[in-house]
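Peer 1: Handing you this structure, nothing more for now.
The values are calculated or read from the model by the stated rules, or taken from the named source; none is laboratory data. Bear in mind the structure is a predicted one, so any value in this text is a computation, not a measurement. Please note: Cβ atoms are built from the backbone with ideal geometry, for glycine as well, and neighbour counts cover all protein chains shown.
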Amino acid sequence: MAVVEESGATVATAPRPRGGPLAGVRDSLVVARRNLIRMVRIPEVVIFGLIQPIMFVVLFSYVFGGAIMVPGQASADADVYREFLMGGIFAQTVTFATAGAGAGIADDMHKGLIDRFRSLPMARGAVLTGRTLADLVQTALTLVVLAIVALIVGWRVHDGILSALGAFGLLLLLGYAFSWIGALIGLTVRTPEAATSGGLIWLFPLTFISNAFVPSSKMPEFLGHIADWNPFSATVQACRELFGNPQGVVSDAWPMQHPVLASVLWSVVIIVVFRTLSVRKYRSATA
Amino acid sequence: MPGAIHAEGLVKTFGDVRALDGVDLDVPEGTVLGLLGPNGAGKTTAVRVLTTLLRPDSGTAVVAGVDVLKNPNEVRRSIGLSGQFAAVDEYLTGRENLRMVGQLYQMGAREAKSRADELLEQFHLADAADRTAKTYSGGMRRRLDLAAALVVSPPVMFMDEPTTGLDPRNRQALWEVIQELVAGGTTLLLTTQYLEEADHLAHDICVIDRGKVIARGTADQLKARIGGERVEVVVHEREHIAVTEQVLRVLGKGETTVQEHTRKVTVPVVGGAKLLAEVIRELDTRGVEIDDIGLRRPTLDDVFISLTGHGAEDGDAENGVKSAARKGGK
């Protein structure tokens, strides 16, 4: 068989040492491609990921819509609340990328394939970056579907398409940041199941003690402060601003007054911190 | 020595378990070392250390001329790893798996593609190339895994129990592949708990137990250590055991051993077939009815039992140590 003739010849063509950040990007894209193929072949995960936010839109708009009064409005108006709500739902949806990334990485870490990856001359962070990039694609897809549903229930963009695209950019950045939190969770826990629940459970207080569903001015003062400084709230507020949606009474806290800048800063800080911790953890698992 | 493996004083502990307790290994370029041991002996840990997956507590290792601890990524360019758990993505097709591995070995996209096609052909996976690996049989997955390890035709290969769990036909086929590989000059470290496999494939054998190397040499050298041929007689009647033992004591060279419940009497001999004929004649004159008789040469199983006091299949620490290995690696 050709194995025999090959071995001698191909040793010479053994991989040229390539290095630097470019090799890292390339390896990450190769791994991202692998994860995207998996998503296509296991579409259940993506489909459930789509159903959940749609459910939230419908539940919140129609169940709470008539009851919650957005401050600054004369009365509780379901149409106003629906527009107020969408920034919150969009932002909450992108944070759910955490669970997907966590479960995916936890799953990988317990399979033989990770030994293959670790024994290859590839960039060390590429397994993780590839996963988070694939999750970013999924998040983008979810946002598109969600925006269509939102348009159907009456949500509108009032400040032009460019601002709206800016808002979606912030949402993707936030989702990417949260998938790095998921990566760290996935590397820390023992099973994919634990990563899923560990990736979700803290999202509930995080997204509810925020301005996403109820204006922070309506919370007890202590919670209101937390909500104002919640990284998640900054993106929600920025989306409302950029979409031209009702904002309620906005607090004087710095992130609420400069939501776009605050949103970018928070996301970048989360990415830097959690990427560093995750890659370090992956490496220590390696070496 | 671009293709050699050399390790000295490897120690790795997981909690209370000393998975490696001062292991030295030497595999000259182009040869095959069979790392032989029962479950939990430390074979997998040794492979994980040498393939940069696990950092030892102490010791040094050089693979393909590169220090494993100082320069792991450089080592990774020259090695291929094939394990007992086929390390392929089951949701990717065979072709996609091999292309991905090629690209991660830093091949260009086109090169990775043509190399994948080549390997699929060589490993008789061309027909299944576009099916996901999930649909593959155990033997096919193992072949795909081995193909993935050979994408760059690395000068040094590690195979961790490559045939565990395979049926005899697939095992035979994999042996042939391995032999061709070695004929092409690849250095190979192979772990196995099948003594027959080590006997068949390895130039040198290293017997490892509880993290320590307890014997090394060629298969013949190891067999010679526990003595040469012996005659084994199974008699039909239990009362004939005594007289048979008497005959064998006279004709044989050494202690006889008797296994009452199987009615088997054994004695070391010199003189081979000629002596066997003599034993048969002698027993015949005394009216001993023989169920079975034979001249036996020691197997590596015998070597194993005499070295470790237990058989290769014994021991239940494997799973414990393996999960500890993974945990410890975290």
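Peer 1: Go through the range A:104-117 and report how many residues are closer than 28 Å to A:Leu200 by Cβ, of a type outside the set (A, V, I, L, M), within 8 Å of chain B (Cβ to nearest Cβ) and part of a helix (DSSP H, G or I).
Peer 2: 2
Peer 1: Can you name every residue in the range A:118-152 that is among the hydrophobic types (A, V, I, L, M, F, W, C) and part of a loop (DSSP other than H, G, I, E, B)?
Peer 2: Once the filter is applied, which keeps residues that are among the hydrophobic types (A, V, I, L, M, F, W, C) and part of a loop (DSSP other than H, G, I, E, B), the range A:118-152 yields A:Leu120, A:Met122, A:Ala123.
Peer 1: Please tell me if A:Gln92 is in contact with a Pro (Cβ under 8 Å, 6 or more places away or on another chain), in contact (Cβ under 8 Å) with a residue 24 or more places away in the chain and buried (at least 17 other Cβ atoms within 10 Å of the Cβ).
Peer 2: Yes.
Peer 1: Please go through the range B:166-194 and give me each residue that is more than 9 Å from chain A (Cβ to nearest Cβ) and outside any helix (DSSP H, G or I), ordered by number.
Peer 2: B:Leu166, B:Asp167, B:Thr187, B:Leu188, B:Leu189, B:Leu190, B:Thr191, B:Thr192, B:Gln193, B:Tyr194
Peer 1: Contact list please: Cβ distance under 7 Å, first residue in the range B:1-21 and surrounded by fewer than 17 Cβ atoms within 10 Å (Cβ to Cβ), second residue modelled with pLDDT under 90, pairs at least six apart or on different chains.
Peer 2: Qualifying pairs under 7 Å: B:Gly15/B:Ala324.
Peer 1: Scan the range A:167-184 and give yes if some residue there is within 14 Å of chain B (Cβ to nearest Cβ) and either in contact with a helix residue (DSSP H, G or I) (Cβ under 6 Å, 6 or more places away or on another chain) or modelled with pLDDT under 90 (or both), otherwise no.
Peer 2: yes
Peer 1: A further question follows. With the condition being surrounded by fewer than 22 Cβ atoms within 10 Å (Cβ to Cβ) and either more than 14 Å from every other protein chain (Cβ to nearest Cβ) or touching a Phe, Trp or Tyr at 6+ places or on another chain (Cβ under 9 Å) (or both), I'd like the strands (runs of 3 or more DSSP E) fully within the range B:22-118 carrying at least 1 qualifying residues.
Peer 2: Strands (runs of 3 or more DSSP E) meeting the threshold: B:58-63.
Peer 1: Right, another one. Would you pick out the residues in the range B:143-161 that are outside any helix (DSSP H, G or I), within 10 Å of another protein chain (Cβ to nearest Cβ) and of a type in the set (D, E, K, R)?
Peer 2: Selection gives B:Asp160 alone.
Peer 1: What residue, among those in the range B:130-142 that are out of contact with any Gly (no Cβ under 8 Å at 6 or more places or on another chain) and within 12 Å of chain A (Cβ to nearest Cβ), is nearest to B:Gly80 (Cα to Cα)?
Peer 2: B:Arg142
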